[in-house]
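Written below as structure tokens is the structure these notes are about.
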């Protein structure tokens, strides 16, 4: 398996190399002798949220994260919050990169940013032509995926001193209402299926099921895998939405990204088809394994709610990103067709509700 590699920086998303060199010389140990001429910057181009760059100077390298252009302030793009969270979580959960420096002066690069160590490894993104592990390896990876999520939720966040990361009480109600407001703010045109999903979620909220440290974007392409053993998780990335809350809502987000082999082909066309590769657990098996490990009761009705929530949340994020593209804040061509993705996700949520299950939706 190939290690994850960056590409040339997209037009309009370049960094001020001179300003960056000065910051690194002041703030990052071991970079004091680096000037702008020694720096090279590339971009990890597959993400849809915060912008991520690889910065090199000779044999030294680090990763820089900053918000995309054209976004409003908020925890989803608050990279300084993410950096502080990584520093707080790392002693208790070492599979996060080490934060090296915070750039809180937005005038340097046009937005706050932070620098962290690069964790080398394989990231499975499901891109065309990308090698996919064989069925046996995918089976092990999908099982490890669930095990890793369960281990994160089992972490004693109070003992780890993480109580300030969020407000777990009332988390389910706030999430349903909050994503509903984001949908109304970003919606363009009539997408009745997503409107119906929002109303259904509001009417079928389950009770709170406890509190845990939750990642809120736990999926295959946020895992760095050991090249020698692609089923071993070396690091978990993209913690910008992590907080304290109901762990089953975190499970729901992962389910929203999880495609089964018999799902409608439009869903796999969204880039969510990697989990449908031979060997992977199905959504129903994923829920069953999680429930067995955590001893949490996830009945069929509850699993349906969390799955529909995951689809709805993903639809809202896609609509927000598409709105940025329409407004001209990004020229990333991947974002041009996300409005169709919103409709696909809404339709799938409606089908799951109509059938009353999370599998056999094709």
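Read-outs throughout are calculated quantities, based only on the coordinates presented, and are distinct from any laboratory measurement. Remember, predicted model here, so these are calculated numbers, not experimental data. In this analysis, Cβ positions are derived from the backbone assuming ideal geometry, glycine residues included, and neighbour counts consider all displayed protein chains.
The table that follows gives values for the structure above.
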| quantity | calculated |
| --- | --- |
| Shape of the stretch 135-355, Cα gyration tensor, a/c cut at 1.5 | rounded |
| Prolate/oblate/rounded label for the stretch 17-116 (Cα gyration tensor, a/c 1.5) | oblate |
| Cβ-derived FRET efficiency at R0 35 Å, residue 59 paired with residue 136, nearest 0.05 | 0.45 |
| Extended-chain gain in nm, criterion 0.36 nm per residue less alpha-carbon gap, residue 107 and residue 80 | 8.3 nm |
| Point-to-point label distance, residue 156-residue 40, nm (Cα→Cβ direction, 7 Å offset) | 4.7 nm |
| Relative exposure of 322, 204, judged by other C-beta atoms within 10 Å (fewest first) | 204, 322 |
| Relative exposure of 95, 26, judged by other C-beta atoms within 10 Å (fewest first) | 26, 95 |
| Angstrom value of the Kirkwood radius, inverse mean 1/r, which spans all Cα pairs in the stretch 104-206 | 19.1 Å |
| Rounded if a/c under 1.5, otherwise prolate or oblate - the stretch 264-318, Cα gyration tensor axes | oblate |
| Exposure proxy ranking, count of Cβ atoms within 10 Å, fewest first, for 324, 66 | 324, 66 |
